[in-house]
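Quick notes on the structure that follows.
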Amino acid sequence: MEEILIENTIETGDEEICYVDVRFKATGKTETFMTTDHSIKKGDMVVLESEFGGDFAFACNDAYTGSDKIDLKLIDRKATEQDLKAYKENEEDATKALAFCKKQALMLGLDMRLVMAEYTLDRTKLTFIYTADERVDFRELLKILAANFHCRIELRQIGARDKAKLVRGVGPCGRELCCGKFINDFDMVSINMAKNQLLALNIQKLSGHCGKLMCCLKYEDDAYKELRKGLPKLNAQIEYEGVLYRVTSMNVIARTCKLENRESAIYITLDDLLAKGIVKTPNKNKTTDQVKTAKVKGDAKTEELSK
């Protein structure tokens, strides 16, 4: 059949190609596939052809047209009753396979924590997913698994964040974990992002289910950097209306800050701080003569006290 590409819409004969975003259970990632089946709805299970046999995936949305993505893989079909029955049987057998693999890994003394196992639809491949702190030599385990299950075996190591993405759950905000809902690729999150948001540096509270810094720290980082432009740092000395204070807290969203000294504490707006405040920088560049004079005076005082 002749394929014609017109304005990013592919037509094969009289059937217009549409697009579906699907989620894989084994990786938790979302990818876009093409199909001619416009009846696919969000939540439907679809079968994808791969080099190892048919794979299952879940549709994340209804089929849509007009995507600018090209050269995508095709969805083979919407899952039938027979496919769903095979999927459930594979899930049950994969659970048993996972228990067997855990037992064998323990007997071999392998330091690996198995997360899940999954069969392809035609059972030609069985994938075991695990986490480990270091590289694991699983060659002996691989031989045992291949002899027991008589199919292609894959042992795939993932990180702590990938595990959280697979297991999923609810975050401290009360909503589904971002990694389990929509994040495909993990960006770097640093402690400086927490500092930019003026958060208390409590690693336990700033960490997610994976034990790493929460991904959501990155979402507002650019906004906080922009809001903090031109503002003094925390604990900076400020002269405000002729009185010397120290900046003890700031709320860049509410545009307020707290100034304190030994006698009093005041709350002012950041606009007032910028308009009326004068930042006092400590003089760290003392000359050599000044340092020597200070040292001589200090030695003289020490001598007087000794007398």
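General observations
- For Val136, the stated conditions do not hold, so it cannot be described as closer than 30 Å to Cys257 by Cα and assigned to a loop (DSSP other than H, G, I, E, B).
- In region 65-82, the residues that are touching a strand residue (DSSP E or B) at 6+ places or on another chain (Cβ under 6 Å), open to solvent by less than 70 Å² (accessible area, probe 1.4 Å) and either under 15 Å from Leu48 (Cα atoms) or modelled with pLDDT of 90 or more (or both): Leu72, Ile75, Lys78, Ala79
- The condition of being hydrophobic (A, V, I, L, M, F, W, C), touching a Gly at 6+ places or on another chain (Cβ under 8 Å) and open to solvent by less than 50 Å² (accessible area, probe 1.4 Å) holds for only one of Leu166, Leu206, Leu155, Leu141, that being Leu166.
- Residue in region 30-40 that is at pLDDT below 80, polar (S, T, N, Q), surrounded by 12 or more Cβ atoms within 10 Å (Cβ to Cβ) and in a loop (DSSP other than H, G, I, E, B) present: no
- Close Cβ contacts (under 8 Å, 6 or more residues apart or on different chains) running from residues in region 144-155 that are of a type in the set (S, T, N, Q) and outside any strand (DSSP E or B) to residues that are open to solvent by 40 Å² or more (accessible area, probe 1.4 Å) and at pLDDT 95 or above comprise Asn148/Phe100.
- Exactly one residue among Leu259, Leu274 is outside any strand (DSSP E or B), of a type in the set (A, V, I, L, M, F, W, C) and under 21 Å from Gln197 (Cα atoms), and that residue is Leu274.
- Hey, Ile253 within 22 Å of Asn196 (Cα to Cα) and either in a loop (DSSP other than H, G, I, E, B) or modelled with pLDDT under 90 (or both) or not: yes
Residue-wise test of (1) at pLDDT below 90; (2) in contact with a strand residue (DSSP E or B) (Cβ under 8 Å, 6 or more places away or on another chain); (3) among the acidic types (Asp, Glu).
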residue	(1), (2), (3)
Val170	yes, yes, no
Gly174	yes, no, no
Asp187	yes, no, yes
Ile191	no, yes, no
Leu201	yes, no, no
Asp222	no, no, yes
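- Looking across Thr127, Thr120, one residue alone is surrounded by 18 or more Cβ atoms within 10 Å (Cβ to Cβ) and in contact with a Gly (Cβ under 6 Å, 6 or more places away or on another chain). It is Thr120.
- Lys103, sole failed condition from (1) of a type outside the set (Ser, Thr, Tyr); (2) open to solvent by 60 Å² or more (accessible area, probe 1.4 Å); (3) modelled with pLDDT of 90 or more; (4) under 30 Å from Arg255 (Cβ atoms): (4)
- Filtered residue count, region 189-203, keeping only those that are in contact with a Lys or Arg (Cβ under 8 Å, 6 or more places away or on another chain) and either surrounded by fewer than 11 Cβ atoms within 10 Å (Cβ to Cβ) or hydrophobic (A, V, I, L, M, F, W, C) (or both): 3
- Selection from region 107-117 of residues that are open to solvent by 30 Å² or more (accessible area, probe 1.4 Å) and either closer than 25 Å to Lys25 by Cβ or under 24 Å from the mean Cα position of the chain (by Cα) (or both): Leu110, Arg113, Val115
- Residues satisfying the stated conditions in region 228-250, i.e. within 26 Å of Met193 (Cβ to Cβ) and open to solvent by less than 60 Å² (accessible area, probe 1.4 Å): Arg228, Leu231, Pro232, Ala236, Ile238, Val247, Thr248, Ser249, Met250
- Any chance Cys216 is farther than 27 Å from Thr281 by Cα, open to solvent by less than 70 Å² (accessible area, probe 1.4 Å) and assigned to a helix (DSSP H, G or I): yes
- Check on Ala94, of a type in the set (Gly, Ala, Ser), in a helix (DSSP H, G or I) and either open to solvent by 40 Å² or more (accessible area, probe 1.4 Å) or touching a Gly at 6+ places or on another chain (Cβ under 6 Å) (or both): no
- Across region 158-171, a minimum of one residue is classified as under 19 Å from the mean Cα position of the chain (by Cα), closer than 22 Å to Cys60 by Cβ, aliphatic (A, V, I, L, M) and in a loop (DSSP other than H, G, I, E, B).
The values are calculated or read from the model by the stated rules, or taken from the named source; none is laboratory data. These numbers come from a predicted model, not from an experiment. Glycine gets a Cβ as well: all are built from the backbone with ideal geometry, and neighbour counts include every protein chain shown. These accessible areas exclude ligands, DNA and RNA; they are computed on the full protein's heavy atoms, side chains included. Shrake-Rupley method; radii C 1.70, N 1.55, O 1.52, S 1.80 Å.
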